[in-house]
1. Only residues that are among the hydrophobic types (A, V, I, L, M, F, W, C) and modelled with pLDDT under 95: list them for segment 1-44, please.
2. Take the residues in segment 94-117 that are under 23 Å from Ile71 (Cα atoms) and among the charged types (D, E, K, R); name whichever of them is nearest to the chain's Cα centre (by Cα).
3. Restricting attention to segment 131-177, and to residues there that are assigned to a strand (DSSP E or B) and of a type outside the set (Gly, Ala, Ser), which single residue is surrounded by the most Cβ atoms within 10 Å (Cβ to Cβ)?
4. Mind checking which pairs have a first residue in segment 1-30 that is in contact (Cβ under 8 Å) with a residue 24 or more places away in the chain and a second that is polar (S, T, N, Q) and part of a loop (DSSP other than H, G, I, E, B), Cβ under 6 Å, 6 or more apart or different chains?
5. Can you find, within segment 1-51, the residue that is nearest to the chain's Cα centre (by Cα) among those that are part of a helix (DSSP H, G or I), hydrophobic (A, V, I, L, M, F, W, C) and under 14 Å from Met64 (Cβ atoms)?
6. Output the number of residues of segment 172-221 satisfying the condition of being basic (Lys, Arg) and farther than 21 Å from Ile149 by Cβ.
7. Could you pull out the residue among Asn73, Asn92 that is surrounded by fewer than 19 Cβ atoms within 10 Å (Cβ to Cβ), free of Cβ contacts under 8 Å to residues at least 40 places away in the same chain and not acidic (Asp, Glu)?
Amino acid sequence: MSHPGQRLRHMLSGATMVVAPFVFDAFQAKIAQAAGFAALYMTGFGTAAARGFPDVGLLTMAEMVENVRYIANAVDVPLICDADTGYGNPVNVYRTVREYEAAGAAALHIEDQVWPKRCGFLAGKQVIPLAEMVPKVRAACDAKKDLVIIARTDALAVNGWEDVATRARAYREAGADLIFVDGIRTLDDMQRYVSELSDVPLLYNGQLLPVHETEKMGFKLMIHSGPLMAFYLRWRDLMRELKQSGAISHSMEPGAFGEMTALLGVSEALELGKKYEN
């Protein structure tokens, strides 16, 4: 079971919900893996932010695949990835799936937003017709080898629950392994999510409830956005502290530098270098 997609499928078939925290670079991914997470999620919002862009469809497929490759090469756990709308029509989706899988992804999700898309929690989203999205899901499923295909719908804020349920079941019938309804803002929405689609394997994106309570609701996979927001808030506060006081409190914890260099494999790289010394 060497393929990351196969390993993720095995995890998803178990009784325990898979939890994948948001990461947007290989360093964060290494930290998350070292903390004990068995899967990770490459956030499109974070990938765009790390390049100085908002999540409104400005990154190309090639840029996203490059980040997939860096993160997947840095860790040994399955990586679930944002693939936006698949970057075009069904033929584009087919290529996107091939590129993501070749880069090391274990899973990806494509969404039914109009391109250019925007973050699922932003206002003003639009969705393509169901009849246009179903062929894209089919193309993704045809293109994969062992990749887990997740179909995301953003129709909740646009058309409401009736359309969401119709789309979710159609995407599942087209071959999607999991369904992802984005834009869940309240506990009522969260409860309706699982009740409306109790017959479908579901992904939850958010942090309305702690992990153990989310798991009780029946989700197969949770991508946890908390680390992304915590990173922003903590980094913002550190920069303000440094600017205002000229120092950062608790920035020199004993052993932190050694822990960080060990995580990055400095010793292994130096030992490899010795092998080729004259």
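The values are calculated or read from the model by the stated rules, or taken from the named source; none is laboratory data. This is a predicted model, so every value here is computed, not measured. FYI the Cβ positions are ideal-geometry reconstructions off the backbone, even for glycines, and counts take in every protein chain you see.
1. Met1, Ala15
2. Restricting to residues being under 23 Å from Ile71 (Cα atoms) and among the charged types (D, E, K, R), the top hit is Glu111.
3. Ranking the candidates gives Arg152 first.
4. Once the first residue is in contact (Cβ under 8 Å) with a residue 24 or more places away in the chain and sits in segment 1-30, its partners that are polar (S, T, N, Q) and part of a loop (DSSP other than H, G, I, E, B) give Phe22/Thr43; Phe22/Ser225; Phe24/Thr43.
5. Only one residue fits best here, namely Phe45.
6. Adding up the residues that qualify gives 3.
7. Result of the check over Asn73, Asn92: Asn92.
Each row is one residue, and each column tells you yes or no for (1) on the phi < 0 side of the Ramachandran plot; (2) crowded, with 21+ Cβ neighbours inside 10 Å; (3) of a type outside the set (S, T, N, Q); (4) touching a helix residue (DSSP H, G or I) at 6+ places or on another chain (Cβ under 6 Å).
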{"site": "Leu8", "(1), (2), (3), (4)": "yes, yes, yes, no"}
{"site": "Val23", "(1), (2), (3), (4)": "yes, yes, yes, yes"}
{"site": "Phe27", "(1), (2), (3), (4)": "yes, no, yes, no"}
{"site": "Gly36", "(1), (2), (3), (4)": "no, no, yes, no"}
{"site": "Gly57", "(1), (2), (3), (4)": "no, no, yes, no"}
{"site": "Glu63", "(1), (2), (3), (4)": "yes, no, yes, no"}
